[in-house]
Each structure stands twice: as C-alpha cells, then as structure tokens.
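Novice: Right, I'll just put the structure down here and ask away after.
The values are calculated or read from the model by the stated rules, or taken from the named source; none is laboratory data. These numbers come from a predicted model, not from an experiment. Glycine also receives a Cβ, built like all others from the backbone with ideal geometry; neighbour counts cover every protein chain displayed. Each accessible area value is taken on the protein alone, full model and side chains, heavy atoms only, with ligands, DNA and RNA left out. Shrake-Rupley method; radii C 1.70, N 1.55, O 1.52, S 1.80 Å.
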Amino acid sequence: MTLVDTASRHAPTDAPLIAPLVERWSPRAYDPTAELSDDTIRTLLEAARWAPSANNVQPWRFIVARRGTPAFAAVHDALMGFNQAWADSAAALIVNVAETVDETGAPRRWATYDLGQAVAYMSLQAQHDGLHTHQMGGFDADRLAEAFGLGAGLEVISVSAVGKLGDAAALPEPLREREVAPRSRKPLDELLIAAA
Ligand SMILES: Cc1cc2nc3c(=O)[nH]c(=O)nc-3n(C[C@H](O)[C@H](O)[C@H](O)COP(=O)(O)O)c2cc1C
C-alpha cells in the first residue's frame, strides 16, 4: 500500500498556524477497511455543534452514512461520477444540510455560512483525531433530498467524505496525480481589499 507522505501535504504557510490547519488537506485515497466508531462520529458532530452561528440558530443538520449501509449507497449514488470514482472507500459520507428558512418561512440569511463553519469545525476535529475529510459539491441535491425525505427549507449544501488515509496507488489517473500535486493558495495580498 502506498500511503502519501502526509508531511509533504502540509500547507506551505506564509505565517505560523496551529497544527490542524497546516495538516488538513483533502485526500481522495481512503482505506476501504477503516471504520468509524459511534464515539468518533459523536465527536465529529460535537465539533460541528460548537461552531458559532448567527443568533446561535445552529441551522446545520447532518446525515451520517457509514460505508456498507444502504444510506451510504444512497449518498454515493447521488454523487457525480468524478466523486463516485474515489468516495466509495471513505469510512463515512456525511451530508451537510442547511436549514435555510425559519419556522415562519422567512429565509435564514446566514444558514449556509453557518453550516460551512460547522463543517470546517468538524473537518479540523477529524484532522486532529487522525482522520481526513474531503468536501464535495459535485452531487445531485434533488436525489439526496428525495432519498432522505428532506422537506422544504432543508437544503443539501455539501457532502463530506471522512476516513483514514488509503492507498494512493489504487486511485485511477488523473486522481493519482492530483493526490500528490503541490498545494497552493492565492497570495495573501490578493485576499486583502484593504488593510489600514
Ligand atoms: C464546497 C466545496 C465543494 C467541493 N467540491 C468538490 C468536489 O465535488 N470534488 C472534489 O474532488 N473536491 C471538491 N472539493 C475539494 C476542493 O477541491 C479542495 O478543498 C481544494 O482544492 C483545496 O484543497 P485542500 O482541501 O486539500 O486544501 C470541494 C471543496 C469545497 C469546500
């Protein structure tokens, strides 16, 4: 088994960062035998739970589907082909859902923003615990909504693959190549609109 050298995936940061931020990256090669315990899943959800949100509304909901279950098959079936090609080895697929309207039907302006923070918290906790995550926007949202009976106001925003690192050599090309491609970001200057 060819495990990618994780140190080579660390972010080449321009300023010192805490370890999970440096170490987090989005692999596609997952160990198809690794499983997540109930406690591990509980910890991941707990991390999401403690994210900040506008007015503390906490408009995030999750579907946790462990590999080998009908739920996993349903989520995997709804992924785009370019994600199906690798995500089948993840220990779990987590569907990240935003509650985009309130009880009166009014839109929750910050729902997707808040969900994103919760998913980021979950990803960093996973990284800290020796797991990896890979978020996906390539899926059929209507298909997921139907499969899990999501009502109006519950919107699937992303799906996260979670698991242990696996054999990069088992990935099809060009994914094998992308697994070890240099990591890059825009320069800091480009992010700044103003800094006084
Ligand atoms: C909202 C969102 C959607 C994404 N969609 C996909 C996807 O459908 N397929 C995929 O392989 N990666 C997807 N990614 C992963 C990004 O490509 C990845 O995070 C980015 O290239 C930076 O790499 P890093 O996470 O390793 O730093 C997505 C990431 C986010 C946050």
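Novice: How about segment 37-48: which of its residues are surrounded by 14 or more Cβ atoms within 10 Å (Cβ to Cβ) and either more than 16 Å from the ligand (Cβ to nearest atom) or without any contact (Cβ under 8 Å) to a residue 24 or more places away in the chain (or both)? Explain how you work it out, then say what you get.
Specialist: Going residue by residue through segment 37-48, those that are surrounded by 14 or more Cβ atoms within 10 Å (Cβ to Cβ) are 40-41, 43-45, 47-48.
Matches in segment 37-48: Thr40, Ile41, Thr43, Leu44, Leu45, Ala47.
Novice: What are the residue pairs meeting all of these: first residue in segment 128-140, first residue open to solvent by 60 Å² or more (accessible area, probe 1.4 Å), second residue near the ligand (Cβ under 7 Å from one of its atoms) and modelled with pLDDT of 95 or more, Cβ atoms under 6 Å, and 6 or more apart or on different chains?
Specialist: Hits for this filter: Gln135/Ser158; Gly137/Ser158.
Novice: Next question. Can you tell me which residues in segment 123-147 are within 11 Å of the chain's Cα centre (by Cα) and assigned to a strand (DSSP E or B)?
Specialist: Residues satisfying the conditions are His132, Thr133, His134, Gln135, Met136.
Novice: Now, a different point. Please go through segment 141-159 and give me each residue that is open to solvent by less than 30 Å² (accessible area, probe 1.4 Å) and more than 9 Å from the ligand (Cβ to nearest atom), ordered by number. Walk me through it before giving the result.
Specialist: Applying the first criterion (open to solvent by less than 30 Å² (accessible area, probe 1.4 Å)) to segment 141-159 yields 144-145, 153, 156, 158-159.
Scanning segment 141-159 gives Leu144, Ala145, Gly153, Val156.
Novice: Also, I was wondering about something else. I'm told Ala34 meets every condition in (1) among the aliphatic types (A, V, I, L, M); (2) closer than 30 Å to Pro182 by Cα; (3) surrounded by 14 or more Cβ atoms within 10 Å (Cβ to Cβ); (4) within 16 Å of the ligand (Cβ to nearest atom) except one. Can you identify the failing condition by its number?
Specialist: (4)
Novice: Restricting to segment 64-97, give me the number of residues that are part of a helix (DSSP H, G or I) and either touching a residue at least 24 places away in the same chain (Cβ under 8 Å) or touching a helix residue (DSSP H, G or I) at 6+ places or on another chain (Cβ under 9 Å) (or both). Outline the logic, then answer.
Specialist: The first filter runs over segment 64-97 and keeps only residues part of a helix (DSSP H, G or I), leaving 70-78, 81-87.
Add one more test, that the residue is either touching a residue at least 24 places away in the same chain (Cβ under 8 Å) or touching a helix residue (DSSP H, G or I) at 6+ places or on another chain (Cβ under 9 Å) (or both), and what stays is 71, 74-78, 82-87.
Final tally of qualifying residues: 12.
Novice: Which one is nearest to the ligand (Cβ to nearest atom) among residues in segment 16-31 that are touching a residue at least 24 places away in the same chain (Cβ under 8 Å) and among the hydrophobic types (A, V, I, L, M, F, W, C)?
Specialist: From segment 16-31, those touching a residue at least 24 places away in the same chain (Cβ under 8 Å) are 19-21, 23-31; that's our starting set.
Now drop any that are not among the hydrophobic types (A, V, I, L, M, F, W, C), which leaves 19, 21, 25, 29.
On the way: Ala19: 15, Leu21: 10, Trp25: 4, Ala29: 12 Å.
Out of the qualifying residues, it is Trp25.
Novice: Could you say which residue among Glu155, Glu177 is within 28 Å of Arg42 (Cβ to Cβ) and among the charged types (D, E, K, R)? Steps first, please.
Specialist: On the way: Glu177 fails: within 28 Å of Arg42 (Cβ to Cβ).
Result: Glu155 is the single residue among Glu155, Glu177 that is within 28 Å of Arg42 (Cβ to Cβ) and among the charged types (D, E, K, R).
Novice: Now a separate question. Residues in segment 1-19 that are assigned to a loop (DSSP other than H, G, I, E, B) and of a type in the set (D, E, K, R): how many?
Specialist: Here is the first cut: in segment 1-19, the ones assigned to a loop (DSSP other than H, G, I, E, B) are 1-5, 10-18.
Filter once more, so that each one left must be of a type in the set (D, E, K, R): 5, 14.
Residues flagged as assigned to a loop (DSSP other than H, G, I, E, B) and of a type in the set (D, E, K, R) within segment 1-19 amount to 2.
Novice: Continuing with the same structure: Residues being in contact with a helix residue (DSSP H, G or I) (Cβ under 7 Å, 6 or more places away or on another chain) and either among the aliphatic types (A, V, I, L, M) or open to solvent by less than 40 Å² (accessible area, probe 1.4 Å) (or both): count how many of those fall in segment 100-118.
Specialist: So in segment 100-118, the residues in contact with a helix residue (DSSP H, G or I) (Cβ under 7 Å, 6 or more places away or on another chain) come out as 100, 110, 114, 118.
Those still in the list that are either among the aliphatic types (A, V, I, L, M) or open to solvent by less than 40 Å² (accessible area, probe 1.4 Å) (or both) too: 100, 114, 118.
Of the residues in segment 100-118, 3 are in contact with a helix residue (DSSP H, G or I) (Cβ under 7 Å, 6 or more places away or on another chain) and either among the aliphatic types (A, V, I, L, M) or open to solvent by less than 40 Å² (accessible area, probe 1.4 Å) (or both).
Novice: Something else about it: Can you tell me how many residues within segment 1-14 are open to solvent by 50 Å² or more (accessible area, probe 1.4 Å), small (Gly, Ala, Ser) and touching a residue at least 40 places away in the same chain (Cβ under 8 Å)? Talk me through it step by step, then tell me what you get.
Specialist: First pass over segment 1-14, keeping only residues open to solvent by 50 Å² or more (accessible area, probe 1.4 Å): 1-3, 5-8, 10, 12-14.
In the following step, the residues that additionally are small (Gly, Ala, Ser) were identified as 7-8.
So of that shortlist, the ones also touching a residue at least 40 places away in the same chain (Cβ under 8 Å) come out as 8.
Residues meeting the conditions: 1.
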